[in-house]
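Engineer: Below is the structure I would like to discuss, written out as structure tokens.
What follows draws every value from the coordinates through simple rules; no lab data is involved. Keep in mind the model is a prediction, meaning the values are calculated, not measured. Cβ atoms come from the backbone with ideal geometry, glycine included; neighbour counts cover every protein chain shown.
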Amino acid sequence: MVSVPFDAIILRAQLNGLIRGLVVFGIFLAITLFILITLDRLVFKPVEELQRKAEEIAKGNVDEPIEVKSDDEIGKLAESFERMRVSIKKVIDLLK
């Protein structure tokens, strides 16, 4: 008769569960980081750039054009800001 200590079986099961949990956590962490990096590049940085440009326009600096880098909603917003900048620049030039 061959016997295996029950404690060894429990310890091995716990170790396997821990390893599987860490693998799932690692995959979840990698997916989360990928999503955050993607959102940062595609959403957060362009919006921050538009905010900076809008503040410059509010300060009266209407000479620096706003670059439109995409054709999505943020790109359309950038186009609107650019049209606004050009209109403000024309009004300022007419007042001079």
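Engineer: Which of 11, 22, 50 ends up with the largest GNM mean-square fluctuation for the chain, with Cα atoms connected below 10 Å?
Structural biologist: Judging by the Gaussian network model, the answer is 11.
Engineer: Same structure again: What order do you get for 87, 3 when you list them from fewest to most C-beta neighbours inside 10 Å?
Structural biologist: Least crowded to most crowded, the residues run 3, 87.
Engineer: As a footprinting exposure proxy, order 96, 90 by other Cβ within 10 Å, with the fewest listed first.
Structural biologist: 96, 90
Engineer: What does the charge dipole of segment 16-67 about its Cα centre add up to, to the nearest 20 debye, if the Cβ of each Lys and Arg holds +1 and the Cβ of each Asp and Glu holds -1?
Structural biologist: For this selection, approximately 460 debye.
Engineer: Quick one: if the Förster radius is 30 Å, what FRET efficiency do residue 37 and residue 57 give, using the C-beta to C-beta distance and rounding to 0.05?
Structural biologist: Details: r = 30 Å, r/R0 = 0.99.
Calculated transfer efficiency: 0.50.
Engineer: Roughly how many debye, to the nearest 20, is the charge dipole of segment 6-95 about its Cα centre, given +1 on each Lys and Arg Cβ, -1 on each Asp and Glu Cβ, and no other charges?
Structural biologist: Values: 13 positive and 15 negative charges, 49 e Å.
Dipole size: approximately 240 debye.
Engineer: Listed here are the pairs 53/96; 59/90; 69/90; 53/89; 53/76; which of them are more than 19 Å apart at the Cα?
Structural biologist: Pairs exceeding the cut-off: 53/96; 69/90.
Engineer: Another question about this same structure. Quick one: grab Rg to one decimal and Dmax as a whole number for segment 1-74, Cα atoms only, in Å.
Structural biologist: 26.5, 91
Engineer: While we're here: Quickly work out the residue 45-to-residue 22 label distance, labels modelled 7 Å from Cα along the C-beta direction, and quote it in nm with one decimal.
Structural biologist: 3.4 nm
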